[in-house]
Amino acid sequence: MPSVAVKLYSVFFKFLLKHRLQNRIQTPLDDSNEFGVTSRPEESVASPNPSFTDGVATKDIHIDPFTSLSIRIFLPESALNPPDSDSKHQSKAKSRPIHRPLNSDQIDTSALHIVRRNSLEPTATRCSTGSLPQEEFRRISYGCSNDIENLNLRSDGVGGVYRGYAPSIDKSRKLPIVLQFHGGGWVSGSNDSVANDFFCRRIAKLCDVMVVAVGYRLAPENKFPAAFEDGLKVLNWLGKQANLAECSKSMGNVKSSADFKKSDHQRHIVDAFGASMVEPWLAAHGDPTRCVLLGVSCGSNIADYVARKAVEAGKRLDPVKVVAQVLMYPFFIGSVPTHSEIKLANTYFYDKPMCMLAWKLFLAEEEFSLDHPAANPLVPGRGPPLKFMPPTLTVVAEHDWMRDRAIAYSEELRKVNVDAPVLEYKDAVHEFATLDMLLKTPQAQACGEDIAIWVKKYISLRGHEFSY
């Protein structure tokens, strides 16, 4: 059974969540909210940090000005290692010192000015006026300067100025991409919350991947299918980024002044199509041909939807390829109750009445049904045949009332020969590996390690040497 502390926290959690959900229903929606911005002042947010704190660097990007859709990229420090597979080369790389940010007592804070930027501008910091020419600063911001590798650390003679991470394209190491969708019952949670930031850092380090956490729109301001469309939009954005990076790279291979003049017109055309908006971290370290979808609670519903749309798109998504997905305690429901939905209806944290209320906030009144394709994965006609779905790992908890339907969906996938194992954790509750107070428990750590073991079957370049 869960500990006394978990039981007490569950009572407090359900009381607080019920109060928030009821406020969402009673408060009339603002029709002027045309840009889809959803404010959740009660969320504790972790600021982005490009300095490889705790072995992972992060940055935020807004990729859609019309819906305020944002992502947070988590890049593990292992990406700084050279891409050489030869062990001799790797041992040399490990012996080479990696520059790290100066301590606060070593930096002249008077020469440091931090600037927050959106997706249309380089993610970097700005030094004091006159310390660097504008063109030099622009090249450094995008990681295109030849004299700066890995962590950008320069001194202007007065004090050290830390500029964050700027990748060196020619010496980068490509990492698989995990597209992560947070939980929160459609009405809360965020990709930059403290809990989600901690979880994504854990996945980035354990799986040795680049994590892209999606800040999708929330209900009731943005009802179905807003969150699902945001998930698919980020997947398409990854494909666009890969194509822009490849185009920019091919146009940038200039070996002589004559070649430069010859390609100057082509370079102008590339810029017109948005080459200047290439995300440098993705260009240097992202491998979209090894993309894994990871959903937490209601985020699992989004991940499953995005996976189905990826199957339907086929080669139109190239070079993006969804090789696997992980569904962590999916937010599935249905009109015909399962055994766990009856027995565990009043269980810990997210009980059945609470989830019913969340679904009413997410689905439009005229569309509300427990057998809605977004809610019930077992209804016919949801999408492409299940046999075309990617390998799917399902994580369930013993005390989660939604567990049986998730297991049933996994069984349907296995019937058509899809690799779809189930990991069930004893004495665990819904969101046991992602909830703020449970993140540092041994069970949460073990769950992250188990996910890493399975995911590496499908993201390894050397073959399926990992077994599950």
Inset, instruction - Out of the residues in the stretch 21-67 that are in contact with a Leu (Cβ under 9 Å, 6 or more places away or on another chain), modelled with pLDDT of 80 or more and more than 16 Å from Ala204 (Cβ to Cβ), state the one that is least open to solvent (accessible area, probe 1.4 Å). - result: Ile63
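Residues are listed down the side, and each one gets a yes or a no for (1) exposed (fewer than 15 other Cβ atoms within 10 Å of the Cβ); (2) in contact with a helix residue (DSSP H, G or I) (Cβ under 7 Å, 6 or more places away or on another chain); (3) of a type in the set (Gly, Ala, Ser); (4) over 30 Å from Asn243 (Cα atoms):
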site	(1), (2), (3), (4)
Val311	no, yes, no, no
Gln325	no, yes, no, no
Thr347	no, no, no, yes
Lys352	no, yes, no, yes
Ala364	yes, no, yes, yes
Arg403	no, yes, no, yes
Glu411	yes, no, no, yes
Inset, instruction - Of the conditions (1) under 24 Å from Phe349 (Cα atoms); (2) in a loop (DSSP other than H, G, I, E, B), Ile407 clears all except one; give me its number. - result: (2)
Legend entry - Subset of the stretch 61-77 [part of a strand (DSSP E or B) and not aliphatic (A, V, I, L, M)]: His62, Asp64, Ser70, Arg72, Phe74, Pro76
Legend entry - Test set (1) more than 27 Å from Ser190 (Cβ to Cβ); (2) open to solvent by less than 50 Å² (accessible area, probe 1.4 Å) - Ile451 fails condition number: (1)
Inset, instruction - Please state which of the following conditions Asp427 fails to meet, knowing it meets all the rest: (1) in contact with a helix residue (DSSP H, G or I) (Cβ under 9 Å, 6 or more places away or on another chain); (2) within 23 Å of Pro337 (Cβ to Cβ); (3) acidic (Asp, Glu); (4) not in a helix (DSSP H, G or I). - result: (2)
Inset, instruction - Select from the stretch 396-425 the residues that are of a type in the set (Phe, Trp, Tyr) and touching a residue at least 60 places away in the same chain (Cβ under 8 Å) and write down the one among them that is farthest from Asn301 (Cα to Cα). - result: Trp401
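Any idea how many residues of the stretch 330-346 are part of a loop (DSSP other than H, G, I, E, B), touching an Asp or Glu at 6+ places or on another chain (Cβ under 8 Å) and under 10 Å from Trp401 (Cβ atoms)?
4
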Inset, instruction - Within the stretch 192-200, identify whether any single residue is open to solvent by 10 Å² or more (accessible area, probe 1.4 Å), assigned to a loop (DSSP other than H, G, I, E, B) and on the phi < 0 side of the Ramachandran plot, and answer yes or no. - result: yes
Legend entry - Sole residue being of a type in the set (A, V, I, L, M) and either open to solvent by 10 Å² or more (accessible area, probe 1.4 Å) or within 20 Å of the chain's Cα centre (by Cα) (or both), chosen from Ala446, Ala420: Ala446
Legend entry - Top-ranked residue in the stretch 203-229 [being surrounded by 23 or more Cβ atoms within 10 Å (Cβ to Cβ) and in contact with a Ser or Thr (Cβ under 7 Å, 6 or more places away or on another chain); ranked as nearest to Leu461 (Cα to Cα)]: Gly215
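The values are calculated or read from the model by the stated rules, or taken from the named source; none is laboratory data. For clarity, every value in this text was computed on a predicted model and none was experimentally measured. Note that each Cβ is placed from the backbone with ideal geometry, even for glycine, and that neighbours are counted across all protein chains shown. Areas reflect the complete protein model, heavy atoms only, side chains present, ligands, DNA and RNA absent. Shrake-Rupley method; radii C 1.70, N 1.55, O 1.52, S 1.80 Å.
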